[in-house]
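What follows is a set of notes on a single structure, which appears directly below.
The values are calculated or read from the model by the stated rules, or taken from the named source; none is laboratory data. For clarity, every value in this text was computed on a predicted model and none was experimentally measured. The protein model used for the area step is the full one, side chains on, heavy atoms only, and it has no ligands, DNA or RNA in it. Shrake-Rupley method; radii C 1.70, N 1.55, O 1.52, S 1.80 Å.
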Amino acid sequence: MNTTQKLKILKVIKIILLIVFIPIILFYLGIILPEYLACVNCNYEGAMGVDIWGNEVQCFGESKDFSEVFFQLASIIVAGFSIILFLILFLFIGLKKTHP
């Protein structure tokens, strides 16, 4: 397989990953992160937090535990997609430099 074909394949993979990554990052930044941050400093039972959009969030019991686990899982997914996209970008740039 020559360099031109590798560049085309990497470009297609990069576009597909970006199509999947953009909605995930918007969901993460728009919903998951604000709800998690609304409950960071709530330690007492029955606490209600307010996120950046003005919505009340329950910060007690199973709701708080679920939101924390969901935040951690979503953070791992976003970090994984980011690392893969950066690796593909660096590989693409490296192949492009060696291509005449």
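Of note:
- Which labelled figure in (1) 51; (2) 55; (3) 61 is percent of Cα pairs over 17 Å apart, once derived from the coordinates: (3)
- Cross-link partners of Lys14 among lysines, defined as those whose alpha carbon lies under 27 angstrom from its own and excluding same-chain residues fewer than eight positions apart: Lys6, Lys96, Lys97.
- Residues in segment 74-88 carry Karplus couplings, in order, of 5, 5, 5, 5, 5, 5, x, 4, 4, 5, 4, 5, 5, 4, 5 Hz; the curve used is 6.51 cos²θ - 1.76 cosθ + 1.60 with θ = phi - 60°, and Gly or Pro positions show x.
- Shape call, segment 42-89: gyration tensor on alpha carbons, a/c limit 1.5: prolate
- Area of Asp65 that stays accessible when all protein chains are in place (1.4 Å probe, Å², to 10): 90 Å²
- Based on DSSP H segments of at least four residues, each scored -39500 (n - 2.57), the chain has a per-residue ellipticity at 222 nm of -24000 deg cm²/dmol.
- The long axis of helix 3-27 is offset from the longest Cα principal axis of the chain by roughly 10 degrees.
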